[in-house]
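S.K.: I'd like to ask you about the structure that follows.
What follows draws every value from the coordinates through simple rules; no lab data is involved. Everything numeric in this text was worked out from a predicted model, so none of it was measured. Cβ coordinates were reconstructed from backbone atoms using ideal geometry, including for glycine residues, and neighbour counts include every protein chain displayed.
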Amino acid sequence: MRDRCGTGDELCKAAAFVLTNGNGTIVGLGLICFDCHYAGVRWPGAEGIDRRLGTQETWSAIERELKAGLPTTLLSPLTACAQILVGRADVRVQWVGWAKRLEADDPSESPVVLDALLFEAADLIAW
């Protein structure tokens, strides 16, 4: 994870995603923050956040996708955002917007703050 996220003028800006199965049932929630190289998924029934790791090439592709703008329809499973969140075709990924901007006292806390946001969002979903 990079540490330039969440301090001073650099507020953490995370893209929010809903993950669904073929029937359209929500099977997870995801967040991606390019600035701190954070990708996490909250799966129903899981006790923790599934943190996802990517290569430098993956993060470069994610940056390009986020800067270009994501569609509000289902993402192609070949996009870097879909790949880092699920990496499989049986789970569909849809960008739903930008999560609230977050600020952490210490940049190394940004992933913990993003994890907490995923837990909070998951509490609003009836799995």
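S.K.: If a residue has to be part of a loop (DSSP other than H, G, I, E, B) and either crowded, with 18+ Cβ neighbours inside 10 Å or not aliphatic (A, V, I, L, M) (or both) to count, how many in the range 9-21 make the cut?
M.R.: Residues flagged as part of a loop (DSSP other than H, G, I, E, B) and either crowded, with 18+ Cβ neighbours inside 10 Å or not aliphatic (A, V, I, L, M) (or both) within the range 9-21 amount to 4.
S.K.: Follow-up question, since we're still on this one. Quickly run through the range 35-61 and pick out the residues that are in contact with a strand residue (DSSP E or B) (Cβ under 8 Å, 6 or more places away or on another chain), surrounded by fewer than 21 Cβ atoms within 10 Å (Cβ to Cβ) and part of a loop (DSSP other than H, G, I, E, B).
M.R.: Taking the range 35-61 as the starting set, the residues that turn out to be in contact with a strand residue (DSSP E or B) (Cβ under 8 Å, 6 or more places away or on another chain) are 35-36, 38-44, 49-54.
Imposing the further condition that a residue be surrounded by fewer than 21 Cβ atoms within 10 Å (Cβ to Cβ) reduces the set to 35, 43-44, 50-54.
D35, W43, P44, R52, L53, G54, listed by residue number.
S.K.: So which pairs qualify, if the first residue must be in the range 65-89 and within 18 Å of R51 (Cα to Cα), the second must be of a type in the set (K, R) and surrounded by 15 or more Cβ atoms within 10 Å (Cβ to Cβ), the Cβ gap must be under 8 Å, and the two must be at least 6 apart or on different chains?
M.R.: Between residues of the range 65-89 that are within 18 Å of R51 (Cα to Cα) and residues that are of a type in the set (K, R) and surrounded by 15 or more Cβ atoms within 10 Å (Cβ to Cβ), the close pairs are I84/R52; L85/R52.
S.K.: May I pose another question? Can you tell me which residue within the range 90-127, out of those that are among the small types (G, A, S) and without any contact (Cβ under 8 Å) to a residue 24 or more places away in the chain, is farthest from R51 (Cα to Cα)?
M.R.: Keep residues of the range 90-127 that are among the small types (G, A, S), which gives 97, 99, 104, 108, 110, 116, 121-122, 126.
Of the ones still in play, those that are also without any contact (Cβ under 8 Å) to a residue 24 or more places away in the chain are 116, 126.
Working: A116: 12, A126: 22 Å.
Ranking the candidates gives A126 first.
S.K.: On to the next question. When you check I32 against the structure, is it β-branched (V, I, T) and either farther than 23 Å from P107 by Cα or outside any helix (DSSP H, G or I) (or both), yes or no?
M.R.: The answer is yes for I32.
S.K.: Say we look at the range 22-34 and pick out the residues that are surrounded by fewer than 19 Cβ atoms within 10 Å (Cβ to Cβ) and without any contact (Cβ under 8 Å) to a residue 60 or more places away in the chain; which of these is farthest from the chain's Cα centre (by Cα)?
M.R.: Applying the filter and picking the extreme gives N23.
S.K.: Only one of V112, V86 is over 12 Å from the mean Cα position of the chain (by Cα) and farther than 12 Å from A15 by Cβ; which? It would help to see each step written out before you state the result.
M.R.: Values: V86 fails: over 12 Å from the mean Cα position of the chain (by Cα).
Going through V112, V86 in turn, the sole match is V112.
S.K.: Still on this structure: Could you please give the count of residues in the range 90-119 that are out of contact with any helix residue (DSSP H, G or I) (no Cβ under 9 Å at 6 or more places or on another chain) and of a type in the set (G, A, S)?
M.R.: Residues that pass the stated criteria total 4.
S.K.: Oh, and also: Just give me the residues in the range 51-89 being of a type in the set (D, E) and in contact with a helix residue (DSSP H, G or I) (Cβ under 7 Å, 6 or more places away or on another chain), in sequence order. Give the derivation first.
M.R.: So the first thing to find is which residues in the range 51-89 are of a type in the set (D, E), and the list is 57, 63, 65.
E65, the sole residue that qualifies.
S.K.: Next up: Take the range 70-85 and flag every residue that is in a loop (DSSP other than H, G, I, E, B) and not β-branched (V, I, T).
M.R.: Those that are in a loop (DSSP other than H, G, I, E, B) and not β-branched (V, I, T): L70, P71, L75, S76, P77, L78.
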